[in-house]
1. Residues of region 24-51 being of a type outside the set (S, T, Y), open to solvent by less than 40 Å² (accessible area, probe 1.4 Å) and either at pLDDT 80 or above or assigned to a strand (DSSP E or B) (or both), which ones?
2. Is it true that L94 is surrounded by 10 or more Cβ atoms within 10 Å (Cβ to Cβ) and over 23 Å from E9 (Cα atoms)?
3. Quick check, is S80 without any contact (Cβ under 8 Å) to a residue 40 or more places away in the chain, surrounded by fewer than 10 Cβ atoms within 10 Å (Cβ to Cβ), of a type in the set (G, A, S) and not in a strand (DSSP E or B)?
4. State whether one or more residues within region 4-23 are among the small types (G, A, S), at pLDDT 85 or above, in a loop (DSSP other than H, G, I, E, B) and open to solvent by 40 Å² or more (accessible area, probe 1.4 Å).
5. All but one of (1) over 17 Å from the mean Cα position of the chain (by Cα); (2) assigned to a helix (DSSP H, G or I); (3) surrounded by fewer than 17 Cβ atoms within 10 Å (Cβ to Cβ) hold for E69; state the number of the condition that does not hold.
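The values are calculated or read from the model by the stated rules, or taken from the named source; none is laboratory data. This structure is a prediction, so every number in the text was calculated from the model and none was measured. Every residue, glycine among them, receives a Cβ derived from its backbone with ideal geometry; neighbour counts consider all protein chains shown. Only protein heavy atoms, including side chains, enter the accessible area calculation; ligands, DNA and RNA are left aside. Shrake-Rupley method; radii C 1.70, N 1.55, O 1.52, S 1.80 Å.
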Amino acid sequence: MIDAILLKEDVVESFVRSSGPGGQNVNKVATCVALLHKPTGIIVKCQKFRTQYQNRQHAWEMLRQALQERLEQERLFRQSQREKKRRQNRKRSLSAKERMLENKKKNAFKKQNRQKVKSLE
């Protein structure tokens, strides 16, 4: 896999109060960690653990994985675009050209038979 370059200057880290079960700890302590990666706009939020330290470690790991997935998707997209371009620029085979011309002749014959019959007057 491609290793994502993660700089601390590119990340905005904020701590907020968690939601859900946890009682007094959740209501008093800002244990939920939210990370925003400025260059990509990826936001990761972690409130899995009771402590801010554990949530922070896990959030950084989640952000690293999200960046790697994004880079992999971009790489696959570029590769598919190259393949598409290669297929578009490829010349048709001789048999494909012959089939195409045969189909054109059939369609022309069908359309010609649909025309109104001209009177001989």
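1. Once the filter is applied, which keeps residues that are of a type outside the set (S, T, Y), open to solvent by less than 40 Å² (accessible area, probe 1.4 Å) and either at pLDDT 80 or above or assigned to a strand (DSSP E or B) (or both), region 24-51 yields A30, C32, V33, A34, L35, H37, I42, V44, C46.
2. On the way: surrounded by 10 or more Cβ atoms within 10 Å (Cβ to Cβ): no; over 23 Å from E9 (Cα atoms): yes.
No: the conditions fail for L94.
3. Values: without any contact (Cβ under 8 Å) to a residue 40 or more places away in the chain: yes; surrounded by fewer than 10 Cβ atoms within 10 Å (Cβ to Cβ): no; of a type in the set (G, A, S): yes; not in a strand (DSSP E or B): yes.
Here the answer is no, as S80 does not meet what is asked.
4. Kept after step one, since they are among the small types (G, A, S), are these residues of region 4-23: 4, 14, 18-20, 22-23.
Those still in the list that are at pLDDT 85 or above too: none.
Among the residues of region 4-23, not one is among the small types (G, A, S), at pLDDT 85 or above, in a loop (DSSP other than H, G, I, E, B) and open to solvent by 40 Å² or more (accessible area, probe 1.4 Å), which makes the answer no.
5. Only one criterion in (1) over 17 Å from the mean Cα position of the chain (by Cα); (2) assigned to a helix (DSSP H, G or I); (3) surrounded by fewer than 17 Cβ atoms within 10 Å (Cβ to Cβ) is unmet by E69, namely (1).
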